[in-house]
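J.: Pasting a structure below so you can have a look.
The values are calculated or read from the model by the stated rules, or taken from the named source; none is laboratory data. A quick note: this is a predicted structure, and the numbers were derived from the prediction, not measured. Here the Cβ positions follow ideal geometry from the backbone for every residue, glycine too, while neighbour counts run over all protein chains shown. The accessibility values were calculated without ligands, DNA or RNA, using every heavy atom of the protein model including side chains. Shrake-Rupley method; radii C 1.70, N 1.55, O 1.52, S 1.80 Å.
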Amino acid sequence: MNLLEYKKQIVYIGADNSGSTSRHRADALRRIGCPVTVFDPYLVVKSNRKLINVFNYHSSFVFVQKLLLQKLKRFFSTLSFVPDVIWVNSGELLGITILKWLKRNFNSKVILYQNDDPTGNRDGNRFLTLRKSIPYYDLCVCVRYETELDFLCLGAKKTYRVMMSYDECEHKIDKLDESIIVPRVGFLGTLIKKESRDIFILDLLKLFVPIDIIGPNWTKSKHWLRLKKNVLKSYISGSEYSLCLQKYALSLGLLSHGNRDLITTRTFEIPAAHGLLCAEKTSEHQLLYEHLFEAVFWSSSVECASLCKSLIQDMNLNKFIRINGFAHLIALGQGNEDVCLRILRVLFDPC
């Protein structure tokens, strides 16, 4: 692949806060040589009043379209270049009128990257505006086969399915430091409504698995009083996040079934940090990693508890799986730089 061929001038429309996967992708595009200018639409629509944010979310952002278009026009008027690519991350905020304006005024490829499940049932009306805008993108990138098929049914011109990814700078730790490993299980993630993650973790605790939780929304669990002592923090990012993935004897990779997950970002972030991935047994997990060689998989809380207690005790096997999982992940080429480069290749491929 000729890298120079894919070094494109990019306007990136997406969240720009440092801990977001959106920002990670923008930075990855820069690292592969693309000049990237970011417009964060969430800063435009975000309100200090929680009720307004909730209303916009559930009304699929239809009442902020005029304001967003005004801000985008002002933003593009300050640019001294015409972008080769307009990369839209998530796309939930951009309606048909905005997409038509972008297509009409710029001779640019307009791409959607969507790592949520906008055609599933979990998030209610959140993605209605996005679904109507699908035909106006030159390429729609998604991380689920079901989403890809749904995008085609919605009129997508061209689709490309990628797996979720880790970030080479945010998550990858080249050396395993055995001295920091603690004999506990970690779960770094949020409590999601109707996903029963709290019930699953309670089951592990009843089976005497020592577990720590780091993530938001756990106070909303009806079992909060029983989980409280196991919840350490609501948020971490950067190097602290990656070191946490490495320091736990095992790190849980819980799925969002409402999001039709068969893998998650943790599927890649945990091995990237030299952690030990302990995740639900799915077809995609089993295709990616060999059980008890590169990761471990379970089908029930009882099976999960058994694996956790065994691998806390057997640190030689624990280390063996970590090293193999890291090496296999690097060979897979699932870092943001690799994935972004493949997307640009597909976008500009004439076939």
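J.: How about LYS222: which lysines have a C-alpha closer than 23 Å to its C-alpha, ignoring those fewer than 8 places off in the same chain?
T.: LYS50, LYS193, LYS194, LYS206, LYS233
J.: Given the options VAL141, VAL38, VAL185, which has the most mean-square fluctuation in a GNM of the chain, springs set between C-alpha atoms less than 10 angstrom apart?
T.: VAL38
J.: Starting from the amide H of GLN9, placed 1.01 Å from N in the peptide plane, find each other amide H under 5 Å away whose residue is 5 or more places distant or on another chain.
T.: ASP84, VAL85
J.: Evaluate E = 1/(1 + (r/R0)^6) for LYS220 and LEU149, where r is the Cβ-Cβ distance and R0 equals 35 Å; express this FRET efficiency to the nearest 0.05. It would help to have the intermediate numbers written out before the result.
T.: Values: r = 33 Å, r/R0 = 0.95.
Once rounded, the FRET efficiency stands at 0.55.
J.: I would also like to ask the following. For LEU232, LEU311, LEU43, write out the residues from largest to smallest accessible area, computed with a 1.4 angstrom probe and no ligands counted.
T.: Details: LEU232 90, LEU311 0, LEU43 135 Å².
Putting LEU232, LEU311, LEU43 in descending order of accessible area: LEU43, LEU232, LEU311.
J.: Further, regarding this structure: So how far, in whole Å, is the C-alpha centre of the stretch 85-113 from the one of the stretch 15-73?
T.: What the calculation gives is 13 Å, centre to centre.
J.: Please find the FRET efficiency linking VAL346 to ARG49, where r is the Cβ-Cβ separation and R0 is fixed at 41 Å, and quote it to the nearest 0.05.
T.: Taking R0 as 41 Å, the efficiency between VAL346 and ARG49 is 0.50.
J.: Further, regarding this structure: Enumerate the residues in the stretch 139-165 having an amide nitrogen under 19 Å from the point lying 7 Å beyond the Cα of ILE32 toward its Cβ.
T.: Answer for the stretch 139-165: 139-144, 158-165.
J.: On to the next question. Quick check: from the Cα gyration tensor, does the stretch 109-207 come out rounded (a/c under 1.5), prolate or oblate? All intermediate terms of the calculation are to be shown ahead of the outcome.
T.: On the way: a/c = 3.67, a/b = 1.66, b/c = 2.21.
Oblate is the answer for the stretch 109-207, as a/c is 1.5 or above yet b/c matches or exceeds a/b.
J.: Roughly to the nearest percent, how much of the accessible area of the stretch 146-261 is carbon and sulfur, given a 1.4 Å probe? The partial results should precede the final answer.
T.: Details: 3280 of 5750 Å².
Taking all protein chains in place, the stretch 146-261 shows 57 percent carbon and sulfur surface.
J.: Let a ≥ b ≥ c be the square roots of the eigenvalues of the Cα gyration tensor of the stretch 235-334; is it rounded (a/c under 1.5), or, if not, prolate (a/b larger than b/c) or oblate?
T.: Working: a/c = 1.21, a/b = 1.03, b/c = 1.17.
Since a/c stays below 1.5, the shape of the stretch 235-334 is classed as rounded.
J.: Same structure again: Looking only at ALA331, ALA249, ALA305, which one moves most when the chain is put into a Gaussian network model with springs between Cα atoms under 10 Å?
T.: Residue with maximal mean-square fluctuation among ALA331, ALA249, ALA305: ALA331.
J.: Can I ask one more? Skipping prolines and chain starts, which residues have an amide H placed within reach, meaning under 5 Å, of the one on THR159, given they are 5 or more residues away or on another chain?
T.: CYS140
J.: Would you please classify the overall shape of the stretch 17-171 from the alpha carbon gyration tensor, given that a ≥ b ≥ c denote the square roots of the eigenvalues, rounded means a/c under 1.5, and beyond that prolate means a/b larger than b/c while oblate covers the rest?
T.: Rounded is the answer for the stretch 17-171, as its axis ratio a/c remains below 1.5.
J.: So, one more: Hey, can you find the accessible area per residue of the chain for me, probe 1.4 Å, expressed in square angstrom?
T.: Numbers: 16070 Å² over 351 residues.
On a per-residue basis, the chain sits at 46 Å².
J.: Something else: Express the relative contact order of the chain as a whole percentage, based on alpha carbon pairs under 8 Å and six or more residues apart in sequence. Before the final figure, lay out each step's value.
T.: Working: 624 pairs, mean separation 52.8, N = 351.
Once normalised by length, the contact order is 15 percent.
J.: Cross-link candidates for LYS66: which lysines have Cα within less than 20 Å, leaving aside residues fewer than 8 places away along the same chain?
T.: LYS46, LYS100, LYS103, LYS132
J.: May I pose another question? Would you mind checking which residues have amide H under 5 Å from TYR248's amide H? H placed 1.01 Å from N; only 5 or more apart, or other chain.
T.: Long-range HN contacts for TYR248: VAL182.
J.: For the stretch 78-125, run through the chymotrypsin sites (Phe, Trp or Tyr not before Pro) and keep only the ones in DSSP coil with at most 14 other Cβ atoms within 10 Å of their Cβ.
T.: Values: sites: PHE81, TRP87, TRP101, PHE106, TYR113; in loops: PHE81, PHE106.
The qualifying sites are PHE81.
J.: Further question on the same structure: Choose one answer from LEU288, LEU51, LEU139: the residue with the largest mean-square fluctuation in a GNM of the chain with alpha-carbon springs under 10 Å.
T.: LEU51
J.: Continuing with the same structure: Taking 0.36 nm per residue of separation and subtracting the Cα-Cα distance, what length does fully extending LYS157 through ASN17 add? Present the calculation step by step, with values, prior to reporting the outcome.
T.: Working: separation 140, 0.36 × 140 = 50.40 nm, distance 3.04 nm.
Here the segment from LYS157 to ASN17 would lengthen by 47.4 nm.
J.: Quick one: divide the alpha-carbon radius of gyration of the stretch 1-67 by 2.2 N^0.38 Å and tell me what you get. Spell out each step's value before the answer.
T.: Working: Rg = 15.6 Å, N = 67, 2.2 N^0.38 = 10.9 Å.
Normalised Cα radius of gyration, the stretch 1-67: 1.43.
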